[in-house]
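Input: a single structure, listed below in structure tokens.
The values are calculated or read from the model by the stated rules, or taken from the named source; none is laboratory data. Please read all numbers here as calculations on a predicted model, not as lab measurements. Reconstructed Cβ throughout: ideal geometry from the backbone, glycine too, with neighbour counts over all protein chains shown. When the accessible area is computed, the model is the full protein with side chains, heavy atoms only, and any ligands, DNA or RNA have been set aside. Shrake-Rupley method; radii C 1.70, N 1.55, O 1.52, S 1.80 Å.
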Amino acid sequence: MAGCFSFSATLDSCYRYYFSRAGLKSITTDFGDGTIIHCWAPKTRRESKPNLLLLHGFGANAMWQWNEFISRLIRFFNVYVPDLLFFGNSYTTRPERSVSFQALCMMHLMDSFEVRTMNVVGISYGGFVTYSMADQFPERLERLVLCCAGVCLEERDMAAGMFVVKNVDEAASILLPQTPAKLKELLRLTFVKPARILPTCIMDDFIVVMCTEFKQEKEELIKEILKDRNLSTLPKINKPTLILWGEQDRVFPLELAHRLKRYFQKPFNLLSC
């Protein structure tokens, strides 16, 4: 569809309009070390409101995952919606691919906005980053929401058959679809009721616009998540936390939510839906 109408690019433009209309502005921050982070931040920050950082998961950029909630959240919070590294317009020339480096970059970003304390909501991969932020900067985070974030998974879980995929390479081929068949597989995996009919031209367009840039770097992010992961080495955090999970989640099964709740130092709220 090169040179023709692009459904995905048009929808992306619509999301930009919605975010701007809601009271956010697009800001690109250069850390000066080869790292550039894009973020939607308040046009006017109100000191009377708490700060809220929204961290997305794998998929398209942050707008696609948070657009539905922005207008409601912005009434109560100063909302910040960044693109994590290698998503949207954020990237780095540095070699780090760890969740802890993503978390460090998010905190540097909030420093650039002179935001001292914040609440953080992280969905899926964004939940891993949220958890790392709580570990590295406990004095800066007030409350957390972890949505379907399998932070307590172990490397052996995949071999034990907990997931629908058998290895990391298979997971990457679905999370970063390069063909309509793989995109359909991703939709079946992530939606309880996926679209029954989706034209191939629309899927091809989405893949070109959203799934080809930084493909290698994203694969490295996925592999880094599972590498040498063991529950015994997972830091324990002590912040008010809501664990939000889908009962039919097939990416990170609900068992991981119960495992995470048991692992916390004190009982935290778990809501499955």
Members of segment 229-261 found to be closer than 27 Å to R140 by Cβ and open to solvent by 80 Å² or more (accessible area, probe 1.4 Å), listed by number
S232, T233, K236, N238
Kindly indicate whether any position in segment 200-210 is among the acidic types (D, E) and under 20 Å from the mean Cα position of the chain (by Cα).
no
Every listed condition ((1) surrounded by fewer than 20 Cβ atoms within 10 Å (Cβ to Cβ); (2) in contact with a Pro (Cβ under 7 Å, 6 or more places away or on another chain)) holds for L24 save (1)
On the given criteria, is G88 without any contact (Cβ under 8 Å) to a residue 24 or more places away in the chain, part of a loop (DSSP other than H, G, I, E, B) and either out of contact with any Leu (no Cβ under 6 Å at 6 or more places or on another chain) or among the basic types (K, R) (or both)?
no
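Residue by residue, here is whether (1) without any contact (Cβ under 8 Å) to a residue 40 or more places away in the chain; (2) touching a Phe, Trp or Tyr at 6+ places or on another chain (Cβ under 9 Å); (3) within 19 Å of T212 (Cβ to Cβ) holds:
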{"position": "M158", "(1), (2), (3)": "no, no, no"}
{"position": "V165", "(1), (2), (3)": "yes, no, no"}
{"position": "A171", "(1), (2), (3)": "no, yes, yes"}
{"position": "E185", "(1), (2), (3)": "yes, no, yes"}
{"position": "V192", "(1), (2), (3)": "no, no, no"}
Looking at (1) under 28 Å from L221 (Cα atoms); (2) of a type in the set (A, V, I, L, M); (3) out of contact with any strand residue (DSSP E or B) (no Cβ under 6 Å at 6 or more places or on another chain), which is the one condition that is false for A22?
(1)
Determine which single condition M118 fails, assuming it passes every other condition in (1) open to solvent by less than 20 Å² (accessible area, probe 1.4 Å); (2) over 26 Å from Q216 (Cβ atoms); (3) in contact with a Ser or Thr (Cβ under 8 Å, 6 or more places away or on another chain).
(3)
State the number of residues belonging to segment 173-183 that are more than 22 Å from H56 (Cα to Cα), without any contact (Cβ under 8 Å) to a residue 24 or more places away in the chain and surrounded by 14 or more Cβ atoms within 10 Å (Cβ to Cβ).
0
Within segment 28-51, tally of residues that are open to solvent by 10 Å² or more (accessible area, probe 1.4 Å), assigned to a strand (DSSP E or B) and touching a residue at least 60 places away in the same chain (Cβ under 8 Å)
3
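Yes/no per residue for (1) among the β-branched types (V, I, T); (2) more than 21 Å from L84 (Cα to Cα); (3) touching a His at 6+ places or on another chain (Cβ under 8 Å); (4) at pLDDT below 90:
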position: A181; (1), (2), (3), (4): no, yes, no, no
position: T200; (1), (2), (3), (4): yes, yes, no, no
position: V208; (1), (2), (3), (4): yes, no, no, no
position: F214; (1), (2), (3), (4): no, no, no, no
position: Q248; (1), (2), (3), (4): no, yes, no, no
position: P253; (1), (2), (3), (4): no, yes, no, no
position: R259; (1), (2), (3), (4): no, yes, no, no
Please specify each residue of segment 1-45 satisfying the condition of being out of contact with any helix residue (DSSP H, G or I) (no Cβ under 8 Å at 6 or more places or on another chain), polar (S, T, N, Q) and under 23 Å from S112 (Cβ atoms).
S20, T28, T44
Counted residues, segment 52-92 - those being more than 21 Å from A103 (Cα to Cα) and buried (at least 20 other Cβ atoms within 10 Å of the Cβ):
1
When the residues of segment 121-165 are narrowed to those that are open to solvent by less than 20 Å² (accessible area, probe 1.4 Å) and assigned to a loop (DSSP other than H, G, I, E, B), which ends up farthest from D249 (Cα to Cα)?
R140
